[in-house]
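Report on one structure; see the data block that follows.
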Amino acid sequence: MAVNKELYPAVEDLLYEEEVLRNPFSLKLWWRYLIARADSPFQKRATIYERALKALPGSYKLWHAYLRERLEAVRNLPVTHSKYDSLNNTFERALVTMHKMPRIWILYLQSLTRQKLVTRTRRTFDRALCALPVTQHDRIWEHYLVFVSQRGVPIETSLRVYRRYLKYDPSHIEDFIEFLVNSELWQEAAERLAGVLNDGSFYSIKGKNKHRLWLELCDLLTKHATEVSGLNVDAIIRGGIRKFTDEVGRLWTSLADYYIRRNQTEKARDVFEEGMTTVVTVRDFSVIFDAYSQFEESMLALKMESIGLDEEEDGDEEEEEEETDVEEVDSRFDSSGVAVQISKKIYRGFWPADTKDVDLRLATLEYLIDRRPELANSVLLRQNPHNVEQWHRRVKLFEGNPTKQILTYTEAVRTVDPLKAVGKPHTLWVAFAKLYETHNDIANARVIFDKAVQVNYKAVDNLASLWCEWAEMELRHKNFNGALELMRRATAEPSVEVKRRVAADGSEPVQIKLHKSLRLWTFYVDLEESLGTLESTRAVYERILDLRIATPQIIINYAMLLEEHKYFEDAFRVYERGVKIFKYPHVKDIWVTYLTKFVKRYGKTKLERARELFDHAVSVTPADMVKPLYLQYAKLEEDYGLAKRAMMVYDRATKAVPNQEKMSMYEIYIARATEIFGVPQTRQIYQQAIESGLPDQDVKTMCLKFAELEKNLGEIDRARALYTYASQLADPRSDPKFWEQWKDFEVQHGNVDTFREMMRIQRSVSASYHQTHFITPELLMSKDQAMNMDEAKDKLRQAGITEDEMAALERQLAPPSPEAPSKDAGRHVGFVSGGVESQTADGVIKSASNTEDIELPDESDSDEDAEKVEIAQKDVPAAVFGGLRKREADEDSSEPASAGADKEPLGALERMKRRKAS
């Protein structure tokens, strides 16, 4: 055989050739030779590999590299090329010494799999499994399963391989089942899957739980019902229904689908009906009902299509019969002697042979749709059979069918446990009795009520409602005595023997506590008032009071009943009992009604008793509720008593009401005092209100009203003093209306000095409110009344105010000490002169000039302009002195009330001129 000259060693190969000739068994030399000739053609490198392997046939490194290069050389060649035979021959030669090397086997098996040599590949896989130890079989099986899953491999071969593999590793049975499903081997797939589910020790390597595997089995059995046999599909799916409650609807439809595919339609209908009557969730019911209705619709459509085809066939047969004679009919007998066409003619028109049952199918579908509300209600009742509302809805479904309604009510009252009921179980009995009542069967309605009141309910109110409904039914049918007798039965107290027996049993039914039901007694007393006598009604009311179940409204009703029958003292005694029984706030209505009725009844005849009642009422009433009683008390004194005592009541009220109501109470006090005693008598009330501790805003408002009063009386100095006092509470930035009002007052009644004094006070107040960072103790106290001076110091210190500035603020805010009286210490409300005065140590009052440079507007710079200011003067009206003027004039003859009115008061401008002249 001639060798290509290119395969001979070249000059540059001589060095490597000499080395390998000297030491042909050195792997290092051969490997260095191959690396040096990495760029040489594959044929030349193959020659070197063959020479090296001849010297070193057991070298795994050489064989692996050689085989990889040979695989790379045939990668782009078709599998029918001759080089694949040489490659396979090389693998076989390598496996002579490398039969324990799994990598060599894997390369060979992958190459054979790619060549589509099924038999040779299968046998080589078997040889590999036989040659390698069992610990390395998993590396071979991975490729073996890929090989048998390819197209072209016989199914029987794949099955045998998978079965062998499961003997090696049973945990991969899911792969086998998946292969069977993909191969459409439904019978074995179902059997294997059923075996997995029956194996309690099975663990899925794919993370599937028993629930998912069960659903896969159900889908497999139902979708291939005709291909799978030998398994009890009905028992399997029903077992899943009992075990997996979250997929009940799907499993029921799967079972019905199984029978449909096996053409057992009636059995499928039974399964659908059973499923709808057993599921307990609306979701499962909807799944089953939708599948059931879709099945009926498909059956109806199929039947209509078959009718159309039959009509066409019948038309063709009639045409053929007209052309066919008797001899041709005889020739239609088959070999068994059965005349097919003649039998059709004989049974045509009879119901056993009728296949045109479209009307029946349509009626079945309509009946199913009409039953949906009832079936859905049944599902909800299976969820909770003690749901009263669902039973009522079920009865409404059978409206117009009294028999069904009676049966439903009977089932409801037997099923619902009153102690577990959701809703009001007594309404079932009431509706049941009303059903008989609407059909004029009063006797049976009474029987229903009699049974209902013997049931042990959870609440006493349920039983009381039943008795009331029973009595109302008797009233509707004009049986008034029967209604009263029912109420007497219901309110009768159980005997001692009954109580002892119930105590021995340990469970106390609601019938024992029924005689204390307020609802029952209220209904009973209404019946007695309407149908009974006064004595019987009073007996019922007294029984209610004895049982201590009365309410304030019952007390008022009882008293009003007695008043209607002219028993006034008895009514007042009832009110007395009511105010002793109840406390505030429940007793409020009783007190108001009692006092109103008492005053209206007796007026001034029993004035002392009325005063005692009012005093007792206001003494026990909380502060936030006492205002109406004081007003009612004062009205009593105004109408029947003394005006002086009325003012005392108003004065007590101003001290008793809470702070937020004091302002309104003082306004009422002042208004009544003005109307009774006249305007001058209100000065003391105003002064008391200002000093009573009202909030600053209310104090300012009261000062303004007081100042307006003094201005109307002509007391300008008093009014100015009030403006000065209130100015300390009015920030010019937030309350400009106050200063505008004071300015208007000074323009109308003041002079230059008083106007300058107002401007000075305004600047002083503004400065006191406007401190560094707008944080002052006044602002802090206005935000939080409970904040003390220490907290204010901390706020000021955080704002950056130094200790000296804080000390100055403290001195400014601190009250004047007795040792160092302030500039205004001698002043008090009501006694302030028009000018600025001071007092010397000798007690002589002298005028003090203002040393501050106050900038005034241009129009107030000269005295001439000041003299142009017009000061309005008017007399005090006679109405100021009220209705008591005449009485006071008679009592006090030494100084008549109108003495002040005879002397004409001097205006501020006239006083200023006289002072300058002196």
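The values are calculated or read from the model by the stated rules, or taken from the named source; none is laboratory data. Nothing here was measured: the structure is a model prediction, and the numbers come from that model. Neighbour counts run over all protein chains shown; Cβ positions are idealised from the backbone, glycine included. When the accessible area is computed, the model is the full protein with side chains, heavy atoms only, and any ligands, DNA or RNA have been set aside. Shrake-Rupley method; radii C 1.70, N 1.55, O 1.52, S 1.80 Å.
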Identify all residues within region 356-365 that are open to solvent by 100 Å² or more (accessible area, probe 1.4 Å) and not hydrophobic (A, V, I, L, M, F, W, C); write none if there are none.
ASP359
Condition (residue is open to solvent by less than 50 Å² (accessible area, probe 1.4 Å) and assigned to a helix (DSSP H, G or I)) applied to region 580-588: is it met by at least one residue?
no
From the set of residues in region 746-764 that are among the basic types (Lys, Arg) and touching a residue at least 24 places away in the same chain (Cβ under 8 Å), which is least open to solvent (accessible area, probe 1.4 Å)?
ARG760
Looking at region 108-122 only, could you name the residues that are open to solvent by 30 Å² or more (accessible area, probe 1.4 Å) and either touching a helix residue (DSSP H, G or I) at 6+ places or on another chain (Cβ under 6 Å) or in a helix (DSSP H, G or I) (or both)?
GLN110, ARG114, VAL118, THR119, ARG120, ARG122
Region 440-488: number of residues that are small (Gly, Ala, Ser), assigned to a helix (DSSP H, G or I) and under 16 Å from HIS515 (Cβ atoms)
3
Scan region 140-161 and give yes if some residue there is hydrophobic (A, V, I, L, M, F, W, C), open to solvent by less than 20 Å² (accessible area, probe 1.4 Å) and not in a helix (DSSP H, G or I), otherwise no.
yes
Considering residues that are of a type outside the set (Phe, Trp, Tyr) and touching a residue at least 24 places away in the same chain (Cβ under 8 Å), the number found within region 67-92 is 10
Name the residue that is most open to solvent (accessible area, probe 1.4 Å), counting only residues in region 430-479 that are more than 21 Å from TYR524 (Cα to Cα) and of a type in the set (Val, Ile, Thr).
THR438
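Quick check on region 633-646. Is at least one of its residues in a helix (DSSP H, G or I), under 51 Å from the mean Cα position of the chain (by Cα) and on the phi < 0 side of the Ramachandran plot? So that I can check it myself, show each step before the final result.
Taking region 633-646 as the starting set, the residues that turn out to be in a helix (DSSP H, G or I) are 633-640, 643-646.
In the following step, the residues that additionally are under 51 Å from the mean Cα position of the chain (by Cα) were identified as 633.
Remaining after also requiring on the phi < 0 side of the Ramachandran plot: 633.
Yes; the residues of region 633-646 include at least one that is in a helix (DSSP H, G or I), under 51 Å from the mean Cα position of the chain (by Cα) and on the phi < 0 side of the Ramachandran plot.
Pick from TRP63, TRP31, TRP105: which is part of a helix (DSSP H, G or I), open to solvent by 20 Å² or more (accessible area, probe 1.4 Å) and among the aromatic types (Phe, Trp, Tyr)?
Numbers: TRP63 fails: open to solvent by 20 Å² or more (accessible area, probe 1.4 Å); TRP105 fails: open to solvent by 20 Å² or more (accessible area, probe 1.4 Å).
Residue meeting the stated conditions: TRP31.
Looking at region 525-554 only, could you name the residues that are within 41 Å of the chain's Cα centre (by Cα), assigned to a helix (DSSP H, G or I) and not polar (S, T, N, Q)? Quick ask: steps written out before the conclusion?
Taking region 525-554 first, the residues within 41 Å of the chain's Cα centre (by Cα) are 548-554.
If we keep only those that are assigned to a helix (DSSP H, G or I) too, we end up with 552-554.
Within region 525-554, PRO552, ILE554 qualify.
Can you tell me which residues in region 644-660 are open to solvent by 30 Å² or more (accessible area, probe 1.4 Å) and modelled with pLDDT of 80 or more? Give the derivation first.
Initially, region 644-660 is screened for residues open to solvent by 30 Å² or more (accessible area, probe 1.4 Å), giving 644-645, 648, 651-652, 655-656, 659-660.
Correct list: LYS644, ARG645, MET648, ASP651, ARG652, LYS655, ALA656.
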Checklist (1) open to solvent by 50 Å² or more (accessible area, probe 1.4 Å); (2) under 42 Å from the mean Cα position of the chain (by Cα); (3) closer than 30 Å to ARG160 by Cα applied to LEU215, failing item:
(1)
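Hey, can you tell me all the residues within region 397-412 that are open to solvent by 30 Å² or more (accessible area, probe 1.4 Å) and not in a loop (DSSP other than H, G, I, E, B)?
Of the residues in region 397-412, the ones open to solvent by 30 Å² or more (accessible area, probe 1.4 Å) are 397, 399-404, 406-407, 410-411.
Across region 397-412, the qualifying residues are LEU397, PRO402, THR403, LYS404, ILE406, LEU407, THR410, GLU411.
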A careful count of residues in region 512-535 that are among the small types (Gly, Ala, Ser) and under 16 Å from GLY482 (Cα atoms) gives 2
